[in-house]
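To start, the structure under review is shown below, and the notes come after it.
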Amino acid sequence: MSAPDGARPYGGAPLTSADTAGLDSLRSGRAPVANAPAGPQPRDLTPQPRPASTPDRTLYMIGNAHLDPVWLWPWQEGYQEARATFKSVIDRMDEYPDFIFTCDQIVLLSWVEEQDPELFARIQERVAEGRWVNAGGWWVEPDCNMPMGESFARQGLYGQRYLQSRFGKPATVGMNVDPFGHNAMLPQILRGQGMDSYTFLRPGPHESILEETLFQWEAPDGSRVLGYRIPHEYGSPPGSVDGQTDKSLGAMDRTIGDAMIFYGVGNHGGGPTKANIESIYRYDRMGSFGRMQMASPRRFFDEVLARGQSYLDALPVVRDDLQHHAPGCYSAHSGIKAWQRRAQYAVLTAERWAAVASLQAGLAYPRADLERAWKQILFNQFHDILPGSAIESSYDDARDQLGEAVAIAKRITTLAHNTIARQIDIPLDATTQPVIVFNPHPWPVETDVDLQFGGKPTGAHVVDEDGNTVLSQRSQSTATTDDKSRGALVFRAELPALGYRVYRLLPGDPAPLADSPLEVSETVLENAHARIEIDPETGWLSSYLLKESGIDVLAGTDPSTHTQVNEDPTDTWGHRVLSYAWPGVAMKVERIYVRETGPLRSRVRIERSWGRSTFVEELVLDADSPFLTVNATLDWREPAHLLKLRFPVALENPAGTYEIPFGTLERPVDGAEEPAQAWVDLTGTLGGAPAGLTVVTTNKHGFDVSPAADGGTPSIGVTAVRSPVYSWHDPRLLSDESVYAYQDQGVQRFSYRLVPHAGNWRTAQPARIAALLGQPVRAQLESFHEGTLPSRLSFLSDGGGQVMVTAVKGSEDPSDAPGGADLIVRAVETTGAPASVTLDLPLVGRTLSAEFGPSQIRTFRIPADPSAEVVEVDLVEWPLDARPATEGEAPGEPDAEPTAPGEPVAEGETLTPAERIGTDDSAAFPGEQQ
C-alpha cells in the first residue's frame, strides 16, 4: 500500500515539512533505504511488499508495561509510576494509531482512576476503540501457590467486576507474566471467571520438563484453558526489538508457527517506546522475522481457536502445576505468610457472620467494608510481597495494610455476634456467667475453647444449656497481675455448624474425674486412642501407636532428624534451588517437662537451642483425640541459616500428596521443595496395610516429601524458617564492606497437627482440620436477657463430607432481601471423586442438593425468599447463562460435565422457619417474632 501525501503510512500525526523532506529526496531519485537493521533512518518510509523469502509466520507483538507496584521500591513509588506509565502509553497511541497496548493488574487502573480522572477517561476511550486491551482480570499478579483458594476467587471477583463497571467488558485472557509458579487448579478458576486462556513466563524451559510454548492446561476437574508460555521475557529494552525477537524465537517451541512476542520496558513500568514501535515497522518491512503486527493476546488466541477443533485436539495437554521457579519464596519472610493467612481467615469469618446477621436480623451487609479489606489482602498477595522478595520497608506497609483488613473483619464479626447474641433467650441465673461460643465453620465442630474470665477467685467450671457438666480444666491466665479474680480455663465445646451454642460459667473448679482418660509424663502421652513416646535425648517422638488399628507410623524411625539446622547461602528467591532437604545439625535439647495436665488435655514442653536461637514445642494431646497438636515458638537469631522440621515415617512405597488452592495434587517423593496450602501427606504401607501421616500446619508453605536415604526412612519436611538477606538476587555477591538486613530475626509462632492414619489421607479430612487449626471458634461472655432465639442454633451446614463449603457471604449485587444481600454459597469437592451433597440452610429456610464432579467448584446464589429460584453463578457471581459477552471459544472442554449448567441443584422441601431450626420446636426462625 502507499500513503497519501502528508499522511504517515503507519498512522500518527500528519507529516511536517521536515518529515516529508526525506520522502521528497526518495521521489527525486535517491536510492531507497532498505535492509537497515540499525542506525539512523527515516521514520516514515512508504511500506513495500515484504521479500518473498520472508518467513511464513505472524509474530503478534504484544505491547505491555509490567509494573511491580512493590518490589525494590515502596508502593507509593509504584502508585506514581502507574500514572506515568499509562500517560506514556496514551501518548504513544496518539502518535501511532495502530499501536495496541495490553494491560493487566487492575489495581493499577484503580490507582490512575483515583489520582488522574482525565487520564483515566482517555484510557476508557482507547478501550472502546479496542486499542487498549485489559487482560488478566485479577486485582494484581499474585503469587499463584500460597494464597487460599478463596483469594483466587476474589482476585477475579473484584478484578472482573471492576473492568465490567468501568469499561463494559471483563477480561477473557488470564495473564500472570511474572509470578514464580502456577497451581494446578487455576484452569478451573480462570474458567469460572470467564477466561479461556492464560499467558505466563515462569517456569522457563530450563526450570521444568515443560517443552511446549502453546498447550492445553487441564485442572483436576477437567477444565481446560489454552496456555502460552511467553518465550524469553515479558519486557524488553527501550531500543530496537530485534534482540527481544531473536531471543524469543530461540526460546520458543517453533512448531506452533505464529507466536506472541512481548515487548515494552517493564518491572518499574515504562511501557513501549518510540524506538520499540519504529523498529517493529522496520523489521516488518524487511521481513526479517516474518509478518510483525501489533496485537493483543486475545487476537493471538482467537487465531489459534480459528484453526479448528482438530488443531486444538492435537495440542499437548498438561495436567499438573506449572513449577518450579524460586522455591525459596515458599519460606522467605515468615511474617508476611502469617499476616496473610490470619487476614484471609479473619475476612472469610467476617463475611459469614455478616451474611448471617444480614439475613437473620436485617443488619446492613457491609459490602464496601469487606471489599476494602479484601483489596488490602489481594494487593499484598502480589508476587514480590507474599513470596518475601521485596525490600525490608515494604513489609512495614504490608503489616499495616493487612492489619487494617483484620481490624475491619473483627469489627464486622463483633457487631454480627452481638446482634445475634442479644436475640438469644438467656434466662437470669445470678450464680452463672453466660458464654456464647460461635463456630464459623459450616460443619459441626468439637473443639477446645480457651476462655479468660474475671470475678471468680476460686476458679470456674462449665455447664451446657441443660446444666450438664462440660469437660474443662484450669489453664494459665494471660493477665499476669495480682488480681486473683482473673482466671482462665479450657473447656470442650460441641458446636453446631456455622452457628452458636450457649454455655454457662459457674464458680469453683470442676470435680475431679474418678479415672483420668489421660496419662502423661516427660516421655509418654497416652489416652484411649493413642500412645505417644518421646525420646528424651532428642526431644522427639520415637513411637506413635494408634490403638484401634495397631499402626505405629513412627516405629523404628530416627527422632534425631526432627530439627535440622543448616547454613543457607542461597538468595532470597532460592534461585536454582531444587531442594532444601539437606542433612543438618540437630538443635540441643535443654529441658523436657510436663507443663499442663488434666481431664481434658495434657501438655509436654520441649525446649531446644542452637547458636543464639531457641525453639520451644509444646505437645498437646486431648483426652479423646488420636491427633497431636504442637504449638511452636521459635526465637531465631541466625543470619543466612535455615531450620527444617522433619517427620520421619516407617512406610514402604510412599506417595506424597499436597494441598493446593481448592484442591490436592500428588507429587514425587524426591525431596524437592514444593509449595502447599496447609498440609502434606505421605501414605504407603506398613506391614502390608495402607497407612500414613498427614502434617497440618499454620503459616508454613515450604515442604518436601523425601525418600529413604542412608539407611533411614521416608519423611515429610517443613521449612520452618530461612533467613536470607532482604531482596538479595543471585548472581550478585554480598560484600564484606556492606551492612545487610536479614529476614526472620526474632520471635515467631506457629502450630501444626500430626494426623497418623490407617488407609489414606481422605479418611482424616485434613482440609477441615487445617481450617479449624487456622480459624478457631470464638467465645464471648454474655449477659442475661429475653430473646426469640434458642440456646443453640445452626445457620448452614455442608454435612461434613466430601464437599466442603469454602465461602458463605452476601451477594455482590444488592437485593431486596433483609440487609440488602442474597446468600452466596461456594463449595468444592475435596477428595478427587464424584460426590452428592445436601446443604442444610436454616438461615433461608431451604435445603439444597447438588452433584459435584471430582475437585469441582460450584457457587450458588440463594435468595432469602423461599419461593425465588436458586441460581448457579460463576466465581464473579454472574449467572452461568448470563455472563457478559466474551470473545473466543472454549478450547477443549472436558468430555462430560458432572452437572449440566443451568440445571445445577435440586431443592429440598421448603420448610417453615421453626421446622428448619429443628432445635426448639417452639422457637421462631431468626428474625421473626413468635
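The values are calculated or read from the model by the stated rules, or taken from the named source; none is laboratory data. Computed from a prediction, not measured in an experiment: that's the story for all the values here. FYI the Cβ positions are ideal-geometry reconstructions off the backbone, even for glycines, and counts take in every protein chain you see.
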Residue within the stretch 529-539 that is hydrophobic (A, V, I, L, M, F, W, C), in contact with a Lys or Arg (Cβ under 9 Å, 6 or more places away or on another chain) and crowded, with 18+ Cβ neighbours inside 10 Å present: yes
Residues being in a loop (DSSP other than H, G, I, E, B) and closer than 11 Å to residue 61 by Cα - total across the stretch 280-311: 2
Neighbours by Cβ (under 8 Å, 6+ apart or cross-chain): first from the stretch 456-481, in contact (Cβ under 8 Å) with a residue 24 or more places away in the chain and small (Gly, Ala, Ser); second part of a loop (DSSP other than H, G, I, E, B) and loosely packed, with under 15 Cβ neighbours inside 10 Å: 459/508; 460/508
Scope the stretch 46-84; condition in contact with a Pro (Cβ under 8 Å, 6 or more places away or on another chain), closer than 24 Å to residue 133 by Cα and either β-branched (Val, Ile, Thr) or assigned to a loop (DSSP other than H, G, I, E, B) (or both); matching residues: 62, 65
So residue 369, is it without any contact (Cβ under 8 Å) to a residue 60 or more places away in the chain and either within 31 Å of the chain's Cα centre (by Cα) or in a helix (DSSP H, G or I) (or both): yes
Number of positions in the stretch 581-599 that are assigned to a loop (DSSP other than H, G, I, E, B) and either touching a Phe, Trp or Tyr at 6+ places or on another chain (Cβ under 9 Å) or of a type in the set (Asp, Glu) (or both): 2
Scope the stretch 100-131; condition of a type in the set (Phe, Trp, Tyr) and surrounded by 24 or more Cβ atoms within 10 Å (Cβ to Cβ); matching residues: 101
Matching residues in the stretch 150-180 - criterion: being assigned to a helix (DSSP H, G or I) and within 30 Å of residue 577 (Cα to Cα): 150, 151, 152, 155
Qualifying positions in the stretch 759-775 - surrounded by fewer than 18 Cβ atoms within 10 Å (Cβ to Cβ) and touching an Asp or Glu at 6+ places or on another chain (Cβ under 9 Å): 760
Number of the exception - residue 790 against (1) crowded, with 20+ Cβ neighbours inside 10 Å; (2) assigned by TED's automatic domain parsing to the domain that holds residue 555; (3) not small (Gly, Ala, Ser): (2)
Checking residue 407 against (1) closer than 21 Å to residue 790 by Cα; (2) among the small types (Gly, Ala, Ser); (3) assigned by TED's automatic domain parsing to the domain that holds residue 356, the condition it does not meet: (1)
Pick from the stretch 849-869, criterion part of a strand (DSSP E or B) and within 20 Å of the chain's Cα centre (by Cα), ranking: surrounded by the most Cβ atoms within 10 Å (Cβ to Cβ): 857
Residues located in the stretch 512-531, provided they are part of a strand (DSSP E or B) and in contact with an Asp or Glu (Cβ under 7 Å, 6 or more places away or on another chain): 519, 524, 526
Residue satisfying condition, being in contact (Cβ under 8 Å) with a residue 24 or more places away in the chain and in contact with a His (Cβ under 8 Å, 6 or more places away or on another chain), within set 535, 558, 568, 552: 568
Selection count where residues are aliphatic (A, V, I, L, M), surrounded by 24 or more Cβ atoms within 10 Å (Cβ to Cβ) and part of a strand (DSSP E or B), scope the stretch 662-694: 4
Flag for residue 406 being under 21 Å from the mean Cα position of the chain (by Cα) and part of a helix (DSSP H, G or I): yes
Restricting the stretch 732-750 to residues that are within 27 Å of the chain's Cα centre (by Cα) and surrounded by fewer than 19 Cβ atoms within 10 Å (Cβ to Cβ), the residue that is farthest from residue 447 (Cα to Cα): 742
Hits in the stretch 379-401 (condition: surrounded by fewer than 24 Cβ atoms within 10 Å (Cβ to Cβ) and out of contact with any helix residue (DSSP H, G or I) (no Cβ under 8 Å at 6 or more places or on another chain)): 391, 392, 393, 396, 400
Among residues of the stretch 323-340, those that are surrounded by fewer than 23 Cβ atoms within 10 Å (Cβ to Cβ) and either without any contact (Cβ under 8 Å) to a residue 40 or more places away in the chain or farther than 19 Å from residue 704 by Cβ (or both), counted: 2
Leading residue by the ranking (farthest from the chain's Cα centre (by Cα)) among those in the stretch 695-711 that are assigned to a strand (DSSP E or B) and among the small types (Gly, Ala, Ser): 706
Tabulated pairs, the stretch 675-702, first assigned by TED's automatic domain parsing to the domain that holds residue 768, second of a type in the set (Ser, Thr, Tyr) and in a loop (DSSP other than H, G, I, E, B), C-beta under 6 angstrom, 6+ apart or interchain: 702/331
Verdict on residue 832 being surrounded by fewer than 23 Cβ atoms within 10 Å (Cβ to Cβ) and either acidic (Asp, Glu) or at positive phi (or both): yes
Verdict on residue 582 being surrounded by fewer than 18 Cβ atoms within 10 Å (Cβ to Cβ) and either touching a Gly at 6+ places or on another chain (Cβ under 9 Å) or assigned by TED's automatic domain parsing to the domain that holds residue 752 (or both): yes
Filtered residue count, the stretch 296-314, keeping only those that are in contact with a helix residue (DSSP H, G or I) (Cβ under 9 Å, 6 or more places away or on another chain) and of a type outside the set (Val, Ile, Thr): 3
Residue in the stretch 676-691 that is in contact with a Lys or Arg (Cβ under 8 Å, 6 or more places away or on another chain) and over 30 Å from residue 875 (Cβ atoms) present: no
Enumeration of residues in the stretch 835-845 that are surrounded by fewer than 22 Cβ atoms within 10 Å (Cβ to Cβ) and in contact with a strand residue (DSSP E or B) (Cβ under 7 Å, 6 or more places away or on another chain): 835, 836, 837, 838, 840
